[in-house]
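Each reported figure results from applying straightforward, stated rules to the coordinates on display, with no laboratory input. Note that the structure is a prediction, hence the values are computed from the model and not measured. Cβ sites come from the backbone with ideal geometry, for glycine too, and all protein chains shown count toward neighbours.
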Amino acid sequence: MASIRQLKSRIRSVKNTKQITRAMEMVAASKMRRAQDSTKASAPYARLANELLTYLGGQNVTDTHPYFEKRTVKKRLLIVIASDKGLAGAYNTNVLRKYTQQLKEDDAMGIGNASLTIGRRATRFAVRLKDTELIGAYDDMADKPRGHELRTIVDTAIEAFTSGEVDAVDIVYTEFFNAVKQEVTMQRILPAGYTYVEASENVQDATFEPSPEKVLDTVAYRLVEAQVFQALLDAKASEHSMRMVAMKNATDNASDLADDLTLEMNKARQGAITQELAEISGGVEAMKE
């Protein structure tokens, strides 16, 4: 059994760790709430883009647009969103497992791969792979990406697709549902697709200047941008949520461990006191004889 001094040192160490994990849990909770609000706030923008594309698609304007060109997939660009830091439970593991699974499936089907990584953990993983070409890596992204950061990623993907370098662009990220539910998913962003929704009267009655084709150029770009932006926001909200849960579990485990060590220390102290009393009693009896 460990000595009382050793147990005291371990208890002190566990309690210090508990303070750190508790602080990290509170920080992650605060960031998660802000990221969740940002995710919800961007939904109307994506809906309006879908309304416009639904209407323009009905006018057969999208048929010849380069963003909507469907080709046999011979090479795919995968945009992978992970985190820069760890201590987020299974967040990075789940994303990289999905990414690896897709690479294996493509390899089995004879489809080539290129990768664009967002997050230091994804970059470190991708550079060690032999069956994919890394064309871009972005670290230290803000929780709410700024315009130039987002456009750089979108422009890289669009250039790779429109030039014929790749035939499809998919994004692997963690979709955020709520604080306790997140799910890794893969979404196709090029060739551009959109969810058919009923166009509002404002959209149907709108006049497109200078022409529907020119408007489509802007709307299609914004749609791809909105999809990437939404994926980044969802990924950040999921990361902070999973880190919050992981740190809460660590805090609870530290509390349980501290209680167990305290109980063990009290037993050791009680055993020492009992031993001392026994020795004193023995000494008294020896003196009587």
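General remarks:
- Efficiency of FRET between Phe177 and Asp139 - r from beta-carbon atoms, R0 25 angstrom, step 0.05: 0.40
- Cα-based helix-to-principal-axis angle, 212-288 vs the chain, degrees rounded to 10: 10 degrees
- Estimated [θ] at 222 nm from DSSP helical runs (n ≥ 4, -39500 (n - 2.57)) normalised by residues in the chain, nearest 500: -21500 deg cm²/dmol
- Here Lys144 is the anchor, and the lysines within straight C-alpha reach of less than 20 Å, apart from those fewer than 8 places off in the same chain, are Lys31, Lys40, Lys85, Lys236.
- Remark: spin-label model distance Arg128-Lys74 equals 3.3 nm, labels positioned 7 Å along the Cα→Cβ axis.
- At an R0 of 45 angstrom, the distance between the Cβ atoms of Arg146 and Ser255 translates into a FRET efficiency of 0.65.
- Inter-label distance for Asp107 and Thr218, nm, one decimal - labels placed 7 Å from Cα along Cα-to-Cβ: 4.6 nm
- Full-stretch length increase - Ile273, Lys8 - with 0.36 nm per residue and alpha-carbon distance subtracted: 93.7 nm
- The range 1-120: equivalent-ellipsoid semi-axes (sqrt of 5 x gyration tensor eigenvalues, Cα, Å): 48, 24, 8
- Label sites at Arg47 and Thr262, each approximated as a point 7 angstrom past Cα along Cα to Cβ, lie 5.1 nm apart.
- The range 38-244: antiparallel DSSP beta bridges as a percent of all, rounded to 5: 35 percent
- Under 13 Å, Cβ to Cβ, from Leu223 - net charge with Lys/Arg +1 and Asp/Glu -1: 0
- Length gained on full extension, Ile280 to Ala23, computed as 0.36 nm times the residue gap minus the Cα-Cα distance: 87.7 nm.
- Set of lysines with alpha-carbon distance to Lys104 below 25 Å, sequence-local pairs under 8 removed: Lys70, Lys74, Lys75, Lys130
- Across the options Val215, Phe177, Thr17, the greatest Cα extent toward the positive end of the charge dipole of the chain (unit charges at beta carbon of Lys, Arg, Asp, Glu) belongs to Thr17.
- In units of the rule-of-thumb radius 2.2 N^0.38 Å, the chain shows an alpha carbon radius of gyration of 1.51.
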